[in-house]
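First up is the structure itself, then whatever we jot down about it.
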Amino acid sequence: MTVALWTGPPIGAMRSGFLAVSGCRPPSGIHNQAPCWDTYRHIIADVRAYIAAAGLRVVHGGAEGVDQAAGSSEVWLPDYGLHGRAAPLIRNAYVTTTERFCAWPAPWSRGTWDAIKQRAAACGAVGMEIRMVEDVCPADVRALLREKGATWRRI
């Protein structure tokens, strides 16, 4: 497994043979309650089954939750020293340039929604899959996904 800080600009060409993974972290704060933990456990079980069947090298940003449950061939950590608080959002532009991209958002997923928007804007619906326990897609993301022809499915 390769672990590195990502500091460069996004690569324009899609990275062949890789599956980028993005998804929720464990519930916390106002979401730290039983129904949210049930959602989270369901998502993690789906991640593990999906990755086992995918047959591609996995790349993600190394966050606790979906990223770590997916395992990986490469982990691209945000460079907070160079990019400050924007580091994860800037890094998402690179991680989402893979042949395939799969996201597991939850109601509390801010970074995951950003990764979905960046992937849709850069690549449209090509190779993108969004898997949700419940339909929690924000209106701006829903509009972009419809415009790009992307879909999502309940798990």
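When the Cα positions of Ala115, Ala34, His60 are compared along the charge dipole of the chain, Ala115 comes out farthest toward the positive end, with charges on each C-beta of Lys, Arg, Asp and Glu. Between Leu56 and Ala34, full extension at 0.36 nm per residue minus the direct alpha carbon distance yields a gain of 4.6 nm.
Distance between the modelled labels on Leu82 and Arg154, one decimal in nanometres: 4.3 nm (7 Å Cα→Cβ projection). In this rough spin-label picture, where each label sits 7 Å from Cα along the Cβ direction, the Ala143-Ala125 distance is 1.9 nm.
Here the Gaussian network model covers the chain, with springs between Cα atoms less than 10 Å apart; of Pro107, Pro138, Pro78, Pro138 fluctuates the most.
The Cα-based radius of gyration of the chain, divided by its Kirkwood radius, gives an Rg/Rh of 0.94.
Any read-out appearing in this document is the output of simple, stated calculations on the displayed coordinates, not a laboratory observation. Being a predicted model, the structure only gives us computed values, none of them experimental. Cβ sites come from the backbone with ideal geometry, for glycine too, and all protein chains shown count toward neighbours.
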